[in-house]
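Heads up, the thing below is written out as structure tokens.
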Amino acid sequence: MASHRNKGPVSCQDYFPKDDKPQEVTSKIVESSTYLSTKQEAKMAFDSRVEKCLFYKRNDVLNTCCVNDLLLANPMSKTSIHYPLIVDDFARLVGSANGLICIVQYEGISIYNPTTRICNRVYGGFVAPMRDYHVVYGFGYDSYTDDYKVVAVHKSNNKVKVYSLKTRIWKKVSDFPDAYLLEDGVFLNGCIHWLDYLPNNFPTIVSFDLLTETYSQVSHPQYDEGEKRLDLGVLRDRLCVLSSYGQKAVTDIWVMQDDSWINSLSITYPEDHDGWGRLWQTYWMSNDGKILIRFGYRVFLYDSNNSSFTLVNETDDCRWVCSFDESLVSPIGPGIRYRLRSWKVKSRMGESSSSAI
């Protein structure tokens, strides 16, 4: 890993729960009553504790790596996955839920489990999206109905369609209220959240409830003055907003707690940050203050204790990145024959390969 020391100040407000062991970044394996075949299979395939992983696209190849290795400075175990359906430069990773990842391509959508390498191809919805992103998406899990859903919002008219993995159909729902959405949404607690850039208004946060299929608005933080770029994310299972100030070379990370916003962390860019772009996304935070973040098309490990940045090896020029939990949740809805609607995606190298970071 290439390391950068940041000489600027950093402030970190300690509000995260302390019930986890220090530096432990594992999580319980996800089980879904509808899509997991049997609990016995889960016990045979994995230990009761599994790791959170990163899933990213680099040079038209999909890769996975374990967050635990990165945070503990262990040799990175990386698996490259050959997936010919998304080799074009348009394909993007919308998001993940319980180990399933939603991938949008020119002619369809794939719901994919990187752990089992089983994929389900979804067609329909709006016409094939163009390169200028006429459609924004969201992907998430409705725990009440035990269903995974894709939400598609057409930018030009705010028409909305929702795909249910359980029913295997697209349906129209009420139009999105006056909004201008530029990027795909983030999933948290049964809702998809987007930043609304409605012209002449300050960006707000709008949400779509996957159960009730209704819309709501979330209050936004009291940002500092000055020109800024906002990005929405999730950190420690809480909604967060990254407020990046290019002229000041600093990003404030606001985290929602108990219906209010806390400026939990301010990150000053290193002196040699030219060409990195803005701090785009957060993926994971350990209990000892290490955070996986994305600057532009690169992934870094940021240590809030000494304000240092460490470039994660082979993550430069990553067009799309998302985090996921290992799980056995199947992307195939109930009643669908495996051989007709799914396939296993093979590793490019056959087995996982390790490289140092």
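The values are calculated or read from the model by the stated rules, or taken from the named source; none is laboratory data. Bear in mind the structure is a predicted one, so any value in this text is a computation, not a measurement. Note that each Cβ is placed from the backbone with ideal geometry, even for glycine, and that neighbours are counted across all protein chains shown.
Couple of notes before you dig in:
- Of all the criteria given as (1) part of a strand (DSSP E or B); (2) of a type in the set (Ser, Thr, Tyr); (3) modelled with pLDDT under 85, the one not satisfied by residue 106 is (1).
- Residue under evaluation residue 194, criteria (1) surrounded by 16 or more Cβ atoms within 10 Å (Cβ to Cβ); (2) not in a strand (DSSP E or B); (3) not β-branched (Val, Ile, Thr), criterion not met: (2)
- The single condition among (1) within 18 Å of residue 111 (Cβ to Cβ); (2) in contact (Cβ under 8 Å) with a residue 12 or more places away in the chain; (3) not in a loop (DSSP other than H, G, I, E, B); (4) not acidic (Asp, Glu) that residue 145 does not meet is (3).
- Screening 113, 120 for residues that are farther than 20 Å from residue 237 by Cα and surrounded by fewer than 23 Cβ atoms within 10 Å (Cβ to Cβ) leaves exactly one candidate, 120.
- Test: residue in segment 167-176 that is farther than 17 Å from residue 110 by Cα and of a type in the set (A, V, I, L, M): yes
- Some residue of segment 227-239 being surrounded by 15 or more Cβ atoms within 10 Å (Cβ to Cβ) and at positive phi: yes
One line per residue, one yes/no per condition, for (1) under 14 Å from residue 213 (Cβ atoms); (2) at pLDDT below 90:
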{"position": "130", "(1), (2)": "no, yes"}
{"position": "133", "(1), (2)": "no, yes"}
{"position": "138", "(1), (2)": "yes, no"}
{"position": "144", "(1), (2)": "yes, no"}
{"position": "147", "(1), (2)": "yes, no"}
{"position": "157", "(1), (2)": "no, yes"}
{"position": "162", "(1), (2)": "yes, no"}
{"position": "168", "(1), (2)": "no, no"}
{"position": "175", "(1), (2)": "yes, yes"}
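- The set of residues in segment 256-274 being among the aliphatic types (A, V, I, L, M) and buried (at least 18 other Cβ atoms within 10 Å of the Cβ) consists of 256, 265, 267.
- One residue stands out in segment 202-226 among those that are among the aromatic types (Phe, Trp, Tyr) and in a strand (DSSP E or B): the one that is surrounded by the most Cβ atoms within 10 Å (Cβ to Cβ), namely 208.
- Qualifying residue in segment 242-255 (condition: part of a strand (DSSP E or B), aromatic (Phe, Trp, Tyr) and either within 22 Å of the chain's Cα centre (by Cα) or surrounded by 13 or more Cβ atoms within 10 Å (Cβ to Cβ) (or both)): yes
- Pair list, Cβ under 7 Å, 6 or more apart: segment 183-195 residue free of Cβ contacts under 8 Å to residues at least 60 places away in the same chain, other residue crowded, with 23+ Cβ neighbours inside 10 Å and aromatic (Phe, Trp, Tyr): 191/208; 192/208
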